[in-house]
1. What are the residues in segment B:53-74 that are open to solvent by 20 Å² or more (accessible area, probe 1.4 Å), closer than 18 Å to residue B:98 by Cα and either in a loop (DSSP other than H, G, I, E, B) or in contact with a Lys or Arg (Cβ under 6 Å, 6 or more places away or on another chain) (or both), if any?
2. Please state which of the following conditions residue B:92 fails to meet, knowing it meets all the rest: (1) within 16 Å of ligand 2 (Cβ to nearest atom); (2) touching a strand residue (DSSP E or B) at 6+ places or on another chain (Cβ under 6 Å).
3. Against the conditions (1) assigned to a helix (DSSP H, G or I); (2) of a type outside the set (Lys, Arg); (3) over 30 Å from residue A:184 (Cα atoms), where does residue A:18 fall short? Just the number, please.
4. Does residue B:149 count as open to solvent by 20 Å² or more (accessible area, probe 1.4 Å), of a type in the set (S, T, N, Q), farther than 30 Å from residue B:13 by Cβ and more than 11 Å from every other protein chain (Cβ to nearest Cβ)?
5. Filter segment B:173-195 down to the residues that are within 16 Å of ligand 1 (Cβ to nearest atom), open to solvent by 40 Å² or more (accessible area, probe 1.4 Å) and not hydroxyl-bearing (Ser, Thr, Tyr) and list them by number.
6. Which residues, taken from segment B:104-133, are outside any loop (DSSP other than H, G, I, E, B), of a type in the set (A, V, I, L, M) and within 8 Å of another protein chain (Cβ to nearest Cβ)?
7. I want to confirm something. Restricting to segment B:196-214 and keeping residues that are more than 14 Å from ligand 1 (Cβ to nearest atom), buried (at least 20 other Cβ atoms within 10 Å of the Cβ) and not polar (S, T, N, Q), which single residue is nearest to the other protein chains (Cβ to nearest Cβ)?
8. All but one of (1) assigned to a helix (DSSP H, G or I); (2) over 20 Å from residue A:136 (Cα atoms); (3) open to solvent by 50 Å² or more (accessible area, probe 1.4 Å); (4) free of Cβ contacts under 8 Å to residues at least 12 places away in the same chain hold for residue B:80; which doesn't?
Amino acid sequence: MLDWGTIVHYFPFLLKATLLTLKISLISLLFGFLFGLVAALLKLSPNGLLRLIGGFYVWIIRSTPLLVQLFLIYFGLPQLGIDLGPFMSGVLALALNTGAYNAETIRGGIISVPSGQLEAARSLGMGPALAMRRIVLPQAIRVAIPALGNNFVILIKDTSLVSTITLVELTLTAQRLIGSTYKPFEMYLMAAFLYAILTTTTSVLLGKLETRIAVERR
Amino acid sequence: MSSPDAESMQMIEIHNLKKNFGDNEVLKNIHFNVKKSEVVAIIGPSGSGKSTLLRCVNHLEEPTSGEIYVEGVLLNDKSLKGRAFQRHLNQIRTKVGMVFQQFNLFPHMTALENVMEAPVNVLKETKADAEKTARELLDKVGIAEKADSYPGTLSGGQKQRVAIARALAMNPDVMLFDEATSALDPELVGEVLRVMENLAKEGMTMLVVTHEMGFADRVADRVVFMADGYIVEEGTPAELFRNPKNERTQKFLADVAHADV
Ligand SMILES: Nc1ncnc2c1ncn2[C@@H]1O[C@H](COP(=O)(O)OP(=O)(O)OP(=O)(O)O)[C@@H](O)[C@H]1O
Ligand SMILES: [Mg+2]
């Protein structure tokens, strides 16, 4: 059955690789949120050209596989003289990808804010940008947090794809250790366990955040 | 651009106002003035265009044609475009307070923060000044003790009083009320009407769309009856309520009287 000796011996290596997975996830999360926010605002802009740009971004990302997007950035861009290296390429692909999904989530949140909120803000002399920033967005993001959290959990799991562009994160570390130990079952089991820890912790923290927001508004 | 009647201290002047929603003519050629410190009540059946008229006065609805002057300044100034027009609107809106039927308090802010929001971010008052004014206003509308509560915890009457304080914090020259008490439980109507009555006594110019005929009779200087997008009849409360000339006014008042019994 399980070779516990291997597990005990190699677990620290995988744990260390999990740190890189976490780092990639957090940076992609941050930029993915910004991309999503900008794209959502573009899609809701009164300007037709801006709407088109936002719509195109969301459409192209959501209608193509993440792996192809990743390869396009890592293998394709250098041909045009843009060589971002594995880390930047990985983070950019992940951020662009999760950003497109965040855009739809945030747009939904913005639309869900009752029109009376914007009217009240405007009637107080707030301009469109100020009203969006101070009144509409804070409410929209609160509404969007469960779905954004879901996108984040998906993002964490998707980071395993960057193992294909030589980023030695959790999945690639497991693969390499298999090369020297010939213990694929133990290694992938540990990797799966560590992904589960990451995603579950994220879900629990997000759940706490949701409850706190709910309490604050009581 | 200044208005034709700028000399006469009109707070609001409306000339030839028309508003269509698609094919639906909601306001048909409205002429209408409000003097400084005047309290005007607008009454009329549902769908007659009362809210639309009120919302045109701070450009929440864009008139299809006609002119609206606020303190002598043309609101829908077609010579201004884009950002210049937004700035123009914002400037006028700081002088026109609006209170909505559904309160529209900002749910992610406490009562105090709701009241401070626009003075700090629009008028650029310091937080300390804005908070001082906000607390005074909350006290004035009788809910100083709810300053740190979120709207979700307040009753309808309390919410509406916060909303009035929020509008007053901009130090407006005119206040618009769109059925401010219609969403309230009957026992909470009085507390809001009292706040409005006090404002009127202090000389605030007020344009009040209401179904509270008693309030209109007691507080308004003038009552305007609207039907089908027209101003059908206007006059002092005594004239309009006790001696209505127009048949439609008579019928409306009779219907309302029956509903009250
Ligand atoms: N945004 C809109 N789009 C289309 N039609 C509208 C819109 N707002 C109002 N209307 C229509 O305009 C007419 C007048 O509406 P308005 O809300 O001004 O009436 P009201 O006198 O305030 O009625 P109530 O007493 O029910 O509040 C109605 O027929 C309404 O359906
Ligand atoms: Mg109405």
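1. B:59, B:60, B:61, B:62, B:71
2. If we test residue B:92 against (1) within 16 Å of ligand 2 (Cβ to nearest atom); (2) touching a strand residue (DSSP E or B) at 6+ places or on another chain (Cβ under 6 Å), just (1) comes out false.
3. With (1) assigned to a helix (DSSP H, G or I); (2) of a type outside the set (Lys, Arg); (3) over 30 Å from residue A:184 (Cα atoms) applied to residue A:18, the lone miss is (3).
4. The answer is no for residue B:149.
5. B:183
6. B:118, the sole residue that qualifies.
7. Filtering first and then ranking leaves B:206.
8. (1)
The values are calculated or read from the model by the stated rules, or taken from the named source; none is laboratory data. Keep in mind it's a predicted model, so treat the numbers as computed, not measured. For neighbour counting, all protein chains shown are included, and Cβ atoms are generated from backbone atoms with ideal geometry for every residue, glycine included. Just the protein is used for accessible areas: all its heavy atoms, side chains included, with ligands, DNA and RNA removed. Shrake-Rupley method; radii C 1.70, N 1.55, O 1.52, S 1.80 Å.
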